[in-house]
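Enquirer: Quick one: structure below, then a few questions.
The values are calculated or read from the model by the stated rules, or taken from the named source; none is laboratory data. Everything quoted here is computed from the prediction, not taken from an experiment. Neighbour counts are summed over all protein chains in view; Cβ atoms, including those assigned to glycine, are modelled from backbone coordinates with ideal geometry. Side chains included, ligands, DNA and RNA excluded: accessible areas come from the protein's heavy atoms. Shrake-Rupley method; radii C 1.70, N 1.55, O 1.52, S 1.80 Å.
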Amino acid sequence: MLASRTTSALVKAKSGARSSLRWASTAAEKDKYKIVVIGAGSGGLTVASQIYKRFKAAGKPLNEGDIAIVDAAENHYYQPAWTLVGSGLTRKEETRKPVSSLIPSHLAHIKENVKTFAPDKNSITTSSGREIGYDSLVVSVGIQTNWNGIEGLPKALADSSSGVSSIYSYETCDKVWNDIEALRSGQAVFTQPSSVIKCGGAPQKIMWMAWDRFQKTGRGDQIKVDFYTGTPAMFAVKKYSDALNEMRIQRGVGGHFQHNLTKIDAANRKATFKNAADNSDVVVDYTFLHVTPPMGPMDVIKGSPIADEVGWVAVDSATCQSTKFSNVWSLGDCSSLPTSKTAAAITSEAPVLTENLFQFVDTGKLGTAKYDGYTSCPLLTGYGELLLAEFKYGGQPKETFAGLPFIGDQAKPNRLFYHFKKDLFPWAYWNHMLSGSWFGPSGGIRPKYPPPQ
Ligand code: UQ1
């Protein structure tokens, strides 16, 4: 049975200079939408607006409220800036905005979370038990951070004097900066798990920023910096991995690979790692510990009919279309797209998904747009310097600025890229990307694709 029509609220809505009374599209008015987007994160908001604009540009505009965004979250976060908060460059309040302020009035907002998927019936149910039908479904629910995956971590993070912090949450990203500033001497340990994580470069970005801060404030000689990572190298792409490893050696930072954090003993400031090489436990003393927790697919996707065997939404790696249901699509961290999970990846995934979905709805044929795996890691290496890693499937570099005379090699950190990360990308994200008019390396120009044959 479809859920009953509940609280439709008469609201006063301002559109431009006009002020008019209308029925709020945010209220639970309909039980079927043309397009349902699950998730009001970077992927969901970006693609919902791109889809709306794509239909409009083709002269086939959707009606107000034909697209619904399903998400109960109060707030939306610009997570790429949490490294900047941990480095003392941004206040954390600047990384957060109410979801309701980011959803334009022509998109419906259903303030509930998805609970189950019934793709054979073209519907989902929400946590309140409401059933919502769709013609097309786009899933972008993000990735789950498993704080409990490391014994002692939640307790250590909650204690302001523990010396343990993480840039991977809004609650703890400012503690990172406090801890970096408070450290006078001793052992600064930075961890990265062996699991898939969002933004694979962030665990070392914060390390490089801390290292640079220690040098610039005369503490470098008293503080030993070590990187313990569950991965086999500094980075997944050889070109950048080699450059970063060279930097690590030159800066005197310890490199401990295939070491996965399992336990924190906060009372005695000891961290235990599992060394994958010989399966031994390695206990390390720390004064300051920066933790990147393990991550994995969201529970709501795991075991659902749209998931692959791991728990990601199973999609074709070039088209973003579900490999199981032709009217289901996915992008972002929750998808099975075999690329690294970043907002930069979403800038390239969203126009591909949008084009293929539009053509499929309009002509019954898939569009010709193909995602090549483009992703980017703007890797802070210190104050005023950044290495802009950009690559595609297969770990092949795909660099926007390679060969430009004033840039040279993108594996060499420079100041222009630092200002991209600190100033340009947050501006582009809030002002253009979430409203569907920013396309990553091609800026404000939407990529064009030939029509389907
Ligand atoms: C980008 O467009 C973007 O979004 C605003 C980012 O922020 C999360 C990025 O990190 C990157 C790399 C891009 C890609 C854009 C250019 C100009 C390389």
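Enquirer: Got at least one residue in the stretch 371-387 being farther than 30 Å from G59 by Cα, open to solvent by less than 30 Å² (accessible area, probe 1.4 Å), over 24 Å from the mean Cα position of the chain (by Cα) and more than 10 Å from the ligand (Cβ to nearest atom)?
Expert: no
Enquirer: Of all residues in the stretch 433-453, how many are within 23 Å of the chain's Cα centre (by Cα) and either more than 8 Å from the ligand (Cβ to nearest atom) or among the charged types (D, E, K, R) (or both)? Let's see the steps before the verdict.
Expert: Initially, the stretch 433-453 is screened for residues within 23 Å of the chain's Cα centre (by Cα), giving 433-447.
Filter once more, keeping what is either more than 8 Å from the ligand (Cβ to nearest atom) or among the charged types (D, E, K, R) (or both): 434-437, 442, 444-447.
Adding up the residues that qualify gives 9.
Enquirer: Just the residues that are open to solvent by 10 Å² or more (accessible area, probe 1.4 Å) and polar (S, T, N, Q), please, taken from the stretch 409-438.
Expert: N414, N431, S435, S437
Enquirer: V310: more than 16 Å from the ligand (Cβ to nearest atom), buried (at least 24 other Cβ atoms within 10 Å of the Cβ) and at pLDDT 95 or above, yes or no?
Expert: no
Enquirer: Could you tell me which numbered condition F406 fails, if it satisfies all but one of (1) open to solvent by 30 Å² or more (accessible area, probe 1.4 Å); (2) in the same structural domain as C334 (by TED's automatic domain parsing)?
Expert: (2)
Enquirer: Sticking with this structure for a sec: Go through the stretch 197-214 residue by residue and tally those that are in a helix (DSSP H, G or I) and open to solvent by 10 Å² or more (accessible area, probe 1.4 Å). Lay out the reasoning, then the answer.
Expert: Step one: of the stretch 197-214, the residues in a helix (DSSP H, G or I) are 202-214.
Retained after the next criterion (residues that are open to solvent by 10 Å² or more (accessible area, probe 1.4 Å)): 211-213.
Result for the stretch 197-214: 3.
Enquirer: If a residue must be open to solvent by 10 Å² or more (accessible area, probe 1.4 Å), part of a loop (DSSP other than H, G, I, E, B) and within 26 Å of K302 (Cα to Cα), how many such residues does the stretch 336-369 contain?
Expert: Number of matching residues: 5.
Enquirer: Now for a different question. Looking only at the stretch 238-257, which residues are over 18 Å from N414 (Cβ atoms) and not aromatic (F, W, Y)?
Expert: Going residue by residue through the stretch 238-257, those that are over 18 Å from N414 (Cβ atoms) are 238, 241, 245, 248-249, 252-257.
The answer is K238, S241, N245, R248, I249, G252, V253, G254, G255, H256.
Enquirer: Name the residue, out of S160, S194, that is hydroxyl-bearing (S, T, Y), touching a residue at least 60 places away in the same chain (Cβ under 8 Å) and open to solvent by 10 Å² or more (accessible area, probe 1.4 Å). Reasoning before the result, please.
Expert: On the way: S160 fails: touching a residue at least 60 places away in the same chain (Cβ under 8 Å).
It is S194.
Enquirer: So which of T95, T125 is without any contact (Cβ under 8 Å) to a residue 24 or more places away in the chain, open to solvent by less than 70 Å² (accessible area, probe 1.4 Å) and either of a type outside the set (G, A, S) or in contact with a Lys or Arg (Cβ under 9 Å, 6 or more places away or on another chain) (or both)? Break it down stepwise before answering.
Expert: Values: T95 fails: without any contact (Cβ under 8 Å) to a residue 24 or more places away in the chain.
Criteria check complete, one pass: T125.
Enquirer: Something else about it: Given the conditions (1) over 25 Å from W208 (Cα atoms); (2) hydroxyl-bearing (S, T, Y); (3) part of a strand (DSSP E or B), and given that S435 satisfies all but one, which numbered condition is not satisfied?
Expert: If we test S435 against (1) over 25 Å from W208 (Cα atoms); (2) hydroxyl-bearing (S, T, Y); (3) part of a strand (DSSP E or B), just (3) comes out false.
Enquirer: Write out, first by first residue and then by second, each pair whose Cβ atoms fall under 7 Å of each other, whose residues are 6+ apart or on separate chains, and whose first residue, in the stretch 335-347, is charged (D, E, K, R) while the second is away from the ligand (no atom under 12 Å from the Cβ) and open to solvent by less than 20 Å² (accessible area, probe 1.4 Å).
Expert: The qualifying pairs are K341/I143.
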